[in-house]
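Before anything else, here's the structure in question.
Values quoted throughout were computed directly from the atomic coordinates according to the rules given, and no laboratory measurement underlies them. None of the values given here were measured: they were computed from a predicted structure. So basically every Cβ, Gly included, is an ideal-geometry build from the backbone, and we count neighbours across all protein chains shown.
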Amino acid sequence: MTYEIFTFGFMQRALTASIIIGALCSIIGVFVVLRGLSFIGAGTSHAAFAGVTFGYLTGVSPLGMAVLFGLGTVWIIHGLYQRGIMKLDVSIGMFYTFTMALAILFLGLMGTYNAEVYGFLFGSVLSVTAEDLTVMGWLASGVLALVLLFYKEFHFITFDQAMAEATGIAAGRFFFLLLNLIALTVVVSLKTVGALLVFAMIVIPAASAYQLGRTMLGMMGYAVVFGVGSAVGGVLLSYRFDLPSGATIVLLATALFFVAAALSPKRRTRAIVARP
Amino acid sequence: MTTNEDVIRFDRATIHYRDRVALHDITLGIRAGEFIGIIGPNGSGKTTLLKAILGLVPPVSGSVRVFDCACERLRCEHRARIGYLPQKDLVDPHFPITVAEAVMMGRYSSIGLFRYPGKADRAIVSEALTAVNMVAEAGTPLGELSGGQQQRVMIARALAQRPEVLLLDEPTTGIDTPTQHAIMELIRRLHRDLRLTILFVTHDINLISRVADRLILLNTRLFAAGPPSDVLRRDTLAQVYGKDIVVTDHGAAPYVIVGDHHA
Ligand SMILES: Nc1ncnc2c1ncn2[C@@H]1O[C@H](COP(=O)(O)OP(=O)(O)OP(=O)(O)O)[C@@H](O)[C@H]1O
Ligand SMILES: [Mg+2]
């Protein structure tokens, strides 16, 4: 591999995209891992993919539809949960499969094979356009700005939502906002890593960081290093050896997880528990 | 029964969870600076009483007023003035957080939106840690502390709110006797030095009767409220705890032994 590849436009775009999603996913992932929300991210990625297929089917913006479907699912799931109709994981489980069924339905209705749609399923970082980058950049900045703005509120509700509420923080609203940010993160990353794998990008770097970080901020620092490292490394490796980019990124992140787990001072590997 | 000086006032308040009555027709006034002990068997509504004060569970009838403001309308600023130590909170031992950070969370509500903790907040945190004698552990991960130490940290967090009212839900349960007495001594000192209004829920009647100005005996309804010597009478307690109750005159304060069979 020579430095020449860095002069290719598609490679520059691919690397920019991987830095953006590597950083974004890992920071959001810290909340997801600590608050035990893995399942909701997985559910949203399928909803977002259904949005993409709907967009291609009807000829409206696939990314716009992905945002709509992703957020819509979060709103419905949260609504069911808040009214006490259903436990969070049950309603997520339902929507997970329901939106996947929708996606399959829309794919079937399209009739013809559309490579672009499958790009959203499996991820195609090397075909990221300048326009994609602009959208990703804006969405990612928006999400990160909100995290920064409400860092202490998110910190508190992630640690102890009931207590945050009791001290007068609008905990329920911040939890809802957090779910929305997770959905947006999924959408931003959809094209690069694909609907099937996007969730790995959110959970794995944060899980690796969990082995090493002593504070939530420290954990975010590690997560960004792992996330950006595996995204950039994955892109370069996939180009060099002609491998599918999404899979390469995720496999690299997983390898880093085992390194982190081995280095962990506390061997906290088994301690990640769901707390819906 | 209630006067204008009351910081907390229940007026014929009834509280339900779905179809279950947790508190029925409670009328009660608590004055600023009082040290109140709340006793009653399991499920008698002690925790619910504290949650009602925080405005977390609204009354279905009657009213609950705190700082002369109805609880349904208790704005978030009011909650910030009430320190709360929940009943045996299961802290995730692996959550990456230090002792000082956990105490700082007590400041978050007062700091307000769009702002970060400043120098003054850090000073309050170290003051709160000093009060519970945990300064040396400020940088320690919370999960590495013992249960009793964690309890002190949680008290420090409540103190960091700079509260006027402190609600403590069984702060000494599951803690060894010397630490229990240390925590009790700490709370007494805070009451004395900071003139806090304290509501202390406990099953340890003999521990609380020595320090509380008044005891409140609950069993869904309010059975008694008054100085310990008035409340700790055999016939009063028997209504709530059943017949197997022994009250002995143990020097100045009555000593209570609750039997196995509840009413
Ligand atoms: N979240 C809830 N949902 C439904 N019912 C509840 C809830 N919390 C409490 N209850 C019911 O309300 C009643 C009072 O409960 P509360 O927790 O106030 O009792 P307590 O006096 O604190 O008991 P303990 O000594 O066991 O802590 C009980 O019958 C309980 O089952
Ligand atoms: Mg209780």
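Specify the inter-centroid distance of region B:14-43 and region B:156-172, based on alpha-carbon positions, in whole Å.
18
How many angstrom separate the Cα center of region A:2-60 from the Cα center of region B:102-141?
37
Taking a cut-off of 24 Å between Cα atoms, list the lysines near B:Lys51, but don't count ones fewer than 8 places away on the same chain.
A:Lys87, A:Lys152, B:Lys88
Would you mind giving the mean number of other chain beta-carbons within 10 Å of the Cβ of each residue in A:230-237, as a whole number?
Shielding by partners across A:230-237 averages 0.
Once R0 is set to 45 Å, what does the formula 1/(1 + (r/R0)^6) return for the Cβ-Cβ distance between A:Ser264 and A:Tyr3, expressed as a FRET efficiency to the nearest 0.05?
After rounding, the FRET efficiency stands at 0.80.
Please give the contour-minus-distance gain from B:Val135 to B:Val60: 0.36 nm per residue of separation, less the Cα-Cα distance, rounded to one decimal in nm.
Length gained, B:Val135 through B:Val60: 22.6 nm.
Oh, and also: Just check region A:119-276 against the gyration tensor rule for me: Cα atoms, a ≥ b ≥ c as the square roots of the eigenvalues, rounded for a/c under 1.5, and otherwise prolate or oblate depending on whether a/b exceeds b/c.
Oblate.
Would you calculate a helix-derived [θ] at 222 nm for chain B, using -39,500 (n - 2.57) for each DSSP H run of n ≥ 4 and dividing by the full residue count, to the nearest 500?
Value at 222 nm, helices only, nearest 500: -10000 deg cm²/dmol.
Compute the relative contact order of chain B as a whole-number percentage, counting only Cα pairs closer than 8 Å that sit 6 or more residues apart in sequence.
Answer for chain B is 23 percent.
Is there a simple number for the mean count of other chain Cβ atoms within 10 Å of the Cβ of residues in B:101-107, and what is it?
Counting other chains' Cβ atoms within 10 Å and averaging over B:101-107 gives 4.
If you take the beta carbon distance between B:Asp213 and B:Phe114 as r and set R0 to 30 Å, what does 1/(1 + (r/R0)^6) give as a FRET efficiency, to the nearest 0.05?
Efficiency, from the Cβ-Cβ distance: 0.15.
Hey, how many Å between the Cα centroid of region A:145-197 and the Cα centroid of region A:115-131?
27
For peptide A:151-161, compute the average count of partner chain beta-carbon atoms within 10 Å of each residue's beta-carbon.
Mean inter-chain Cβ contacts per residue within 10 Å come to 5.
Search the structure for amide H atoms under 5 Å from the amide H of B:Phe35, placed 1.01 Å from N in the peptide plane, and list their residues when 5 or more places away or on another chain.
HN-HN under 5 Å from B:Phe35: B:Ile198, B:Asp213, B:Arg214.
Would you grab the residues whose amide H sits under 5 Å from the one on B:Ala224? Only those 5+ places off in sequence or on another chain, please, with H modelled 1.01 Å from N.
B:Leu217
Something else: Calculate the spin-label point distance for B:Glu127 paired with A:Ala170, positioning each point 7 Å from the Cα along the beta-carbon direction, and give it in nanometres.
2.9
With the cut-off at 1.5 for a/c, could you classify the protein assembly as shown from its C-alpha gyration tensor as rounded, prolate or oblate?
Prolate shape, in that a/c is at least 1.5 and a/b is the bigger ratio.
Among the helices of chain A (complete DSSP H runs), which have Cα atoms covering no less than 20 Å along the helix axis and a Kyte-Doolittle mean of at least -0.5?
A:9-35, A:38-58, A:62-82, A:88-110, A:130-149, A:171-193, A:198-212, A:216-241, A:245-263
For region B:47-53, what does the Karplus curve 6.51 cos²θ - 1.76 cosθ + 1.60, with θ = phi - 60°, yield as ³J(HN,Hα) per residue in whole Hz, taken in order and with x for Gly and Pro?
Ordered by residue, 3J(HN,Hα) equals 4, 4, 4, 5, 5, 5, 5 Hz.
Output ³J(HN,Hα) for region B:184-192: one whole-Hz value per residue in order, computed from phi by the Karplus curve 6.51 cos²θ - 1.76 cosθ + 1.60 with θ = phi - 60°, and x for Gly and Pro.
Calculated HN-Hα couplings, in order: 4, 4, 4, 5, 4, 5, 4, 4, 6 Hz.
Sticking with this structure for a sec: Please identify the chymotrypsin sites (Phe, Trp or Tyr not before Pro) of region B:43-149 that satisfy two criteria: DSSP loop assignment and at most 10 other Cβ atoms within 10 Å. Which are they?
Loop-located and lightly packed - B:Phe114.
Under a point spin-label approximation (7 Å from Cα along Cα-to-Cβ), what is the A:Phe10-A:Leu217 distance to one decimal in nm?
4.2
Could you work out the Rg to Rh ratio of region A:3-262, with Rh taken as the Kirkwood radius (inverse of the mean 1/r over all Cα pairs)?
Ratio value, two decimals: 0.97.
For region A:3-262, what is the relative contact order in percent, using Cα pairs closer than 8 Å and at least 6 residues apart in sequence?
The value is 31 percent.
Which of B:Val246, B:Val64, B:Val231 moves the most in a Gaussian network model of chain B with Cα springs under 10 Å?
Looking only at B:Val246, B:Val64, B:Val231, the biggest GNM fluctuation is shown by B:Val246.
Which FRET efficiency, nearest 0.05, do A:Ile76 and A:Ala130 yield, Cβ-Cβ r, R0 30 Å?
0.30
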